[in-house]
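Visitor: Provided herewith is a single structure, encoded as C-alpha cells, for subsequent inquiry.
The values are calculated or read from the model by the stated rules, or taken from the named source; none is laboratory data. Because the structure is predicted, anything quoted here is derived from the model rather than measured. Cβ placement follows ideal geometry from the backbone for every residue including glycine, while neighbour counts extend to all protein chains displayed. Just the protein is used for accessible areas: all its heavy atoms, side chains included, with ligands, DNA and RNA removed. Shrake-Rupley method; radii C 1.70, N 1.55, O 1.52, S 1.80 Å.
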Amino acid sequence: MLKINIVYLFLNQNNKAMIKLNLIFLFLTIGVFAQENKTDSSIRKQIEDYNANFAVALVENNKNTVLKSYTEQSVLMPEHSKQRVGKKTIAAFYEQWLSQAKVSSFQKSIVDLQNFGDYVLEIGNFTENLHLKDLKPYTYSGKYMVLWKKVSKNKMTIVAEIWGANSYFDDRFIPEIDDSDVPPIKEYTSSDKLISEVIKRNSSIKNLVQNRLGAEHAKMFMSDAMYLTYYTPILSGEKDITAYFTEHEKPGTLKIEQISIQTSGVIVAKKAIIEFGFYNVDWRDGTNHGNVKGKSINIWKRNDKGELMLFRQMVNHD
C-alpha cells in the first residue's frame, strides 16, 4: 500500500509539473501572439494615417506632403506611364498630375497587409475623383500595391508603388503625363543562384503566355495568391486566378509574335522574394496588331516542394 502511495505521489507531482509547464508555454504563446497583433495593428495604423494625409495633400495640392514618404530609391509605376525611380522624377510626375487635374477627393481602403520582416506589402482599392479642364468630372477607381520599408519603429518609407484601374477606361479623363525624359528601365543581372531561379521562372511564364497556355500559367501561383492585373478587380485565390488565365490566355486567333519578361530589381526579404519586372509584347489578331509595354511587382514564395511560386503580383501597362 505504501509503495502504491509513493508511486501515486510521484505521478501526481509530475502531472502538476507538466501542467505548470503547459500553462507557462500557453501564456508565452498568448504573449507572442498578442505582440504580433499589436505590431500588425501598429503598422496598419501608420499606413492608414499616411493614406489619410496623402489624400488631404492631393486635394490641397500640397506636393511636400505628397512626396514625404518617397526616397531617392523609390520606384513609382503609374498606370499608362513609364516607371520612375527616385524622388526627383516622382515629383515631376505629381507636378504634372496636379497641374492638370483638380482632385476633389481621394480614398484608399486596405484589403491585405503582408509582413515580410523589414518590409510590409499593402494591397487595396482606391477611388480618386478628379476634374480636368474642359472635361466632365471623372471617378478614377482601381486597386494598388505599395511595398513599405521599416526604417524605425514609427517610420516607414515607400520602396515601390503601382496602381491600375478595375476596368478599361478612356484615359482622356486622367492627366496626360509627358515621360519622354524618363530613362528606360535597365535589366538587373546577377550571378546569384536565387536571382537566376527567379529569371528562370519568368522564362517559363514567357513560354506559357506565348503558347496561350493560360491554365498552366495559373499554376505558377500559390493557392492563396492575389493577382492584380490591368482593367480587372483584384483576383484572390486559385479559383479566380485560374478562371482569369484560362479565358485571357486561351488558344485562338490572337498570336504573341514577341514577348520579353525582364527583371529590374530584386529584394530578398525574410519571408519572400520581391521582384520588380517589366515586359514588352508584340501581338497580332488577324489584321489588327500592336505593342504593349508594362511593369510589375512580383512577390515570390516557396511551396511545400521548394518551388518558387507567385504569392502576390500586380501588373499595369505603360
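Visitor: Go through I158, I162 for me and flag whichever is touching a Ser or Thr at 6+ places or on another chain (Cβ under 6 Å), touching a residue at least 12 places away in the same chain (Cβ under 8 Å) and open to solvent by less than 10 Å² (accessible area, probe 1.4 Å). Before the answer, list the steps.
Guide: Numbers: I162 fails: touching a Ser or Thr at 6+ places or on another chain (Cβ under 6 Å).
Checking each option against the conditions leaves just I158.
Visitor: Residues that are assigned to a helix (DSSP H, G or I), farther than 18 Å from R284 by Cβ and either at pLDDT below 95 or open to solvent by 80 Å² or more (accessible area, probe 1.4 Å) (or both): does the range 224-236 have at least one?
Guide: The first filter runs over the range 224-236 and keeps only residues assigned to a helix (DSSP H, G or I), leaving none.
Checking the range 224-236: not a single residue is assigned to a helix (DSSP H, G or I), farther than 18 Å from R284 by Cβ and either at pLDDT below 95 or open to solvent by 80 Å² or more (accessible area, probe 1.4 Å) (or both).
Visitor: Just one of S204, S180 is in a helix (DSSP H, G or I) and either exposed (fewer than 12 other Cβ atoms within 10 Å of the Cβ) or modelled with pLDDT of 95 or more (or both); which is it?
Guide: Values: S180 fails: in a helix (DSSP H, G or I).
Selected residue: S204, the only one of S204, S180 that is in a helix (DSSP H, G or I) and either exposed (fewer than 12 other Cβ atoms within 10 Å of the Cβ) or modelled with pLDDT of 95 or more (or both).
Visitor: Quickly run through the range 103-117 and pick out the residues that are surrounded by 14 or more Cβ atoms within 10 Å (Cβ to Cβ) and either closer than 13 Å to F173 by Cβ or of a type in the set (D, E) (or both).
Guide: At the first step, the residues of the range 103-117 found to be surrounded by 14 or more Cβ atoms within 10 Å (Cβ to Cβ) are 103, 106-108, 110-111, 113-116.
Listed by number, the list holds a single entry, V103.
Visitor: Still on this structure, please answer the following. What number of residues within the range 272-318 satisfy the criterion of being within 19 Å of K255 (Cα to Cα), among the polar types (S, T, N, Q) and open to solvent by less than 50 Å² (accessible area, probe 1.4 Å)?
Guide: From the range 272-318, those within 19 Å of K255 (Cα to Cα) are 279-294, 317; that's our starting set.
Next, only the ones that are among the polar types (S, T, N, Q) stay: 280, 287-288, 291.
Filter once more, keeping what is open to solvent by less than 50 Å² (accessible area, probe 1.4 Å): 280.
Adding up the residues that qualify gives 1.
Visitor: Check S236 against each of (1) out of contact with any strand residue (DSSP E or B) (no Cβ under 6 Å at 6 or more places or on another chain); (2) of a type in the set (G, A, S); (3) free of Cβ contacts under 8 Å to residues at least 24 places away in the same chain and name the one condition it does not meet.
Guide: (1)
Visitor: If you go through the range 90-102 one residue at a time, how many are crowded, with 18+ Cβ neighbours inside 10 Å and either over 29 Å from M226 (Cα atoms) or hydrophobic (A, V, I, L, M, F, W, C) (or both)? Walk me through it before giving the result.
Guide: So in the range 90-102, the residues crowded, with 18+ Cβ neighbours inside 10 Å come out as 90, 93-94, 97-98, 101.
Add one more test, that the residue is either over 29 Å from M226 (Cα atoms) or hydrophobic (A, V, I, L, M, F, W, C) (or both), and what stays is 90, 93, 97-98, 101.
The qualifying residues number 5.
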